[in-house]
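Notes to accompany the following structure.
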Amino acid sequence: MTGGRGTALVVVDVQNDFCTGPVATSRYPGDPAALETAVHNTTRAVEAARARATDVVFVRFVGDPAHQGAAWRRRDAERGKPPKCLEGSWGAEFAEPLVPAPGERVFTKRACFDAFLSDGFEEHLGRRGTGHLAFAGLFADVCVDSTARTAFQKGFHVTVLSDCTTALHTPDEQALRFMRRVYGARVTTHDRAALWTRHPDEEEEEEGTGT
């Protein structure tokens, strides 16, 4: 369990096969402009985090069949789903203009949704003294939700940047409402960096002192 006071912006799966190009647009049921908006605002959120010396952590998905478990392979076979974000492919690359800066950590999810299943992810947060995670990226009802769920259960405070994400299988507001109710997630937007780059306890302390 975490007791840290630091904040990290966790950028989830902002990769070409999820954001742009034929694979992304063929599977996303809504207006592709929503994907473009999520990429644009996530890029702005990353810039804001860097300006405030907030840790930025990138998470990427690779879906190669070699990484898939039996249930994953069966699901894809039954639904005719080809693998996405193959290692080394354009589809697995981060969507432009989003590029990790030197020194920023990148963690890889191998055919799984939850970033806590990535090698070294939780250990990195522990070394940084992180107790609060702000989430941007895709998708709100899949990988963002899966990671936020584990984060909450491990004691991390959760914030979701609503204009930096969109849902794949449910209405956006339904996915956000679920995280608010179940994980106590704070939901805000990328342009309120003074809020989401801070640990929630800092706000409570300021309110208690009347500042």
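The values are calculated or read from the model by the stated rules, or taken from the named source; none is laboratory data. Quantities reported herein were computed from a predicted structural model and do not represent experimental measurements. Note that we place each Cβ from the backbone using ideal geometry, even for glycine, and neighbour counts take in every protein chain shown. Side chains are part of the model used for accessible areas, which takes the heavy atoms of the whole protein and leaves out ligands, DNA and RNA. Shrake-Rupley method; radii C 1.70, N 1.55, O 1.52, S 1.80 Å.
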Pairs returned, first residue in segment 136-162 that is under 18 Å from Gly6 (Cβ atoms), second residue that is among the β-branched types (Val, Ile, Thr) and assigned to a loop (DSSP other than H, G, I, E, B), beta-carbon separation under 6 angstrom, 6 or more apart or interchain, are Gly155/Thr2; Phe156/Thr2
Taking segment 66-92 and keeping residues touching a residue at least 40 places away in the same chain (Cβ under 8 Å) and closer than 17 Å to Ser118 by Cα leaves His67, Gln68, Gly69, Cys85, Ala92
request  = Check segment 72-89 and report whether any residue there is under 22 Å from Ala194 (Cβ atoms) and of a type outside the set (Lys, Arg).
outcome  = no
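Find the helices (runs of 4 or more DSSP H) located wholly in segment 1-87 whose residues include 3 or more that are touching a helix residue (DSSP H, G or I) at 6+ places or on another chain (Cβ under 9 Å) and modelled with pLDDT under 95, and list them. Please lay out each step first, then the result.
Numbers: elements: 16-19, 21-27, 32-51, 70-79.
Once the helices (runs of 4 or more DSSP H) in segment 1-87 are filtered for at least 3 residues that are touching a helix residue (DSSP H, G or I) at 6+ places or on another chain (Cβ under 9 Å) and modelled with pLDDT under 95, what remains is 21-27.
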Does segment 30-37 include one or more residues that are acidic (Asp, Glu), without any contact (Cβ under 8 Å) to a residue 12 or more places away in the chain and out of contact with any strand residue (DSSP E or B) (no Cβ under 8 Å at 6 or more places or on another chain)?
yes
Thr25 vs (1) in contact (Cβ under 8 Å) with a residue 24 or more places away in the chain; (2) at negative phi: all pass except (1)
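Taking the residues in segment 89-110 that are among the hydrophobic types (A, V, I, L, M, F, W, C) and closer than 17 Å to Arg50 by Cβ as candidates, determine which candidate is most open to solvent (accessible area, probe 1.4 Å). Steps first, answer last, please.
Let us first name the residues in segment 89-110 that are among the hydrophobic types (A, V, I, L, M, F, W, C), namely 90, 92, 94-95, 98-99, 101, 106-107.
Filter once more, keeping what is closer than 17 Å to Arg50 by Cβ: 94, 98-99, 101, 106.
On the way: Phe94: 40, Leu98: 6, Val99: 94, Ala101: 31, Val106: 58 Å².
Only one residue fits best here, namely Val99.
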